[in-house]
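These notes concern the structure reproduced below.
Every number in this text was worked out from the coordinates using simple rules, so none of it is lab data. Please read these numbers as outputs of a predicted model, since none were measured by experiment. Here the Cβ is made from the backbone with ideal geometry for all residues, glycine too, and neighbour counts use every protein chain on show.
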């Protein structure tokens, strides 16, 4: 209120001074948001070319769940070939309300929304112990991480899993230290999103238990009341899984138990490549500074969570996906630690000589820029990163041009719903054909996952089991990449067999020449041809047929009885 003489009050003068003082900060904040929005849009445009067959494995379970058949694979196979239960349920929403079979678009909407939640969560969590500039710097580190955008574009659960972990920590740190009530329930989505979701749950439980012991004020009963509901719900989910599928863990786990057998240092090497590719050594001192001089308890809690997740990824040997799939969930938490550490370092330096302030500010900015440049796909600064980006490009192109482009032709191969199609690409063909897919890697096949080995293959993808095919009784095999060729690509049965993945090893078990015939699906207008092998069955004569207009199926070597 003005005074009687018309002069502004001291409160109004103070408010005006604060507005003038904050104006540069507000301008800097707005400029930063616009710049980060531009970088994010550029990252999205770079990432959208990426897609991977593994995402369609989950889509197959989601499609069956939405159709009322339960969480089964392909044409009714009861096998737990997914490791992301809650994500599978979320994707089922698409199939309930949409007749479109390709769920990738819906999955991408959800994953990029979760990525946006990560940006907001990192900003808000950093602001708990730092200013807006430090919080924007944390978000800048996240926006510069091309792997996050590639993971979101994949349609897999990686980014939602990272968002669930981050939001769980936001809930935990928002509750009073000595009065924890419901925050552990906030970690339940993470525990259900991925089979290794128990890791962040155990991390926060361990942090709270140690906090209670240190303070000597929390009781065991209070800790039990806090932990019992989420752990009981997770245990109920685990028991349902075991009762429904008959195995304590998904087949994906058993299929990859031999990843580190021949290469015990694989996990450490992936962790080293992860640190180097992300320029993490430049920001690690700031993360440590957050523990030493920042919000110590909160920083130590996030530091424990990051360490435990890295240790788990090293133990299982990492993953082949070209976006650091097992390490990526720690990136938002690490970005928060960087923001807290940068703020703590600046607070110490701001009362020092101008030269010290300049040096500290320069060091913080340089560390941020070094890490951002390393994480962005526009900067390729190591052979490992170059290989990762090449893999991402080839996987995306392969999924588009060798799998999705031939899904209709593969559907014409299958003559009866439930026929068994053997493939090393179980995702796309399980969604877009009526076959009961036999996954050659064992990810969705318990027989191969439990009894297979790694002879002649890279175990990072799964297992092989040539002997298993005598029990699996397959009906069809398709040739390898390029899956679509021309109608005169092969002139002998042995040429087709030589192009079937693991064909020679499986031939010793089921005798292809005696029991199978070579067939081909031809697109008449273009001559594009999909070659395959089909089991001889008395009730299904090997005759020329036209499954759809413009397509034909024939058996060019049938008159030779496959004997050349």
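Worth a mention:
- Exposure proxy ranking, count of Cβ atoms within 10 Å, fewest first, for 182, 320, 226: 182, 320, 226
- Cβ-Cβ FRET estimate between residue 210 and residue 416, R0 fixed at 60 Å, reported to 0.05: 0.50
- Rounded FRET efficiency, nearest 0.05, which uses the C-beta distance separating residue 552 from residue 35 and R0 of 51 Å: 0.35
- Per-peptide packing, taken as the mean over residues of other Cβ atoms within 10 Å, places 31-37, 473-479, 364-370 in the sequence 473-479, 364-370, 31-37 from highest down.
- For the chain, the alpha-carbon coordinates run over 108, 54, 48 Å along the three principal axes, in decreasing order.
- Across the stretch 148-224, the convex hull enclosing all Cα atoms gives 83 Å³ per residue.
- Nitroxide proxy distance, nm - points 7 Å out along Cα→Cβ at residue 498 and residue 224: 7.0
- For the listed peptides 187-198, 162-173, 289-300, a ranking on the average number of other beta carbons within 10 Å per residue, highest first, reads 162-173, 187-198, 289-300.
- With a simple spin-label model that places each label point 7 Å from the Cα along the Cα-to-Cβ direction, the separation between residue 97 and residue 233 comes to 2.2 nm.
- Shape summary of the stretch 40-177, radius of gyration then Dmax from alpha carbon positions: 17.1, 54 Å.
- Compactness of the stretch 302-400 is given as radius of gyration and Dmax, 17.8, 59 Å, from Cα positions.
- Counting every other Cβ atom within 10 Å of each residue's Cβ, 69, 398 order from fewest to most as 69, 398.
- Normalising by residue count, the stretch 78-123 has a Cα convex hull of 91 Å³ per residue.
- With bins 10 Å wide beginning at 0, the percent of Cα pairs of the stretch 400-560 falling in each bin runs 10, 42, 37, 10, 0.
- The order of the peptides 441-451, 99-109 by mean Cβ neighbours within 10 Å, most packed first, is 441-451, 99-109.
- If the convex hull is drawn through the Cα atoms of the stretch 56-137, its volume per residue in Å³: 108
- Beta-bridge orientation, the chain: approximately 80 percent antiparallel, per DSSP, counting only bridges with both partners inside.
- Residues residue 316 and residue 514, FRET efficiency given R0 of 41 Å [Cβ-Cβ distance, rounded to 0.05]: 0.45
- Average projection area in nm² (convex hull over Cα atoms of the stretch 175-323, one quarter of hull surface): 10.9
- Here the residues 409, 201, 258, ranked from fewest to most Cβ neighbours within 10 Å of their Cβ, fall in the order 258, 201, 409.
- Take every Cα pair under 8 Å whose residues are at least 6 apart in sequence, average their separation, divide by the length of the stretch 400-560, and the relative contact order is 19 percent.
- Relative contact order, percent, the chain [alpha-carbon distance under 8 Å, six or more residues apart]: 15
- The stretch 297-394, relative contact order [Cα under 8 Å, separation at least 6], %: 24
- Between residue 261 and residue 400, full extension at 0.36 nm per residue minus the direct alpha carbon distance yields a gain of 46.8 nm.
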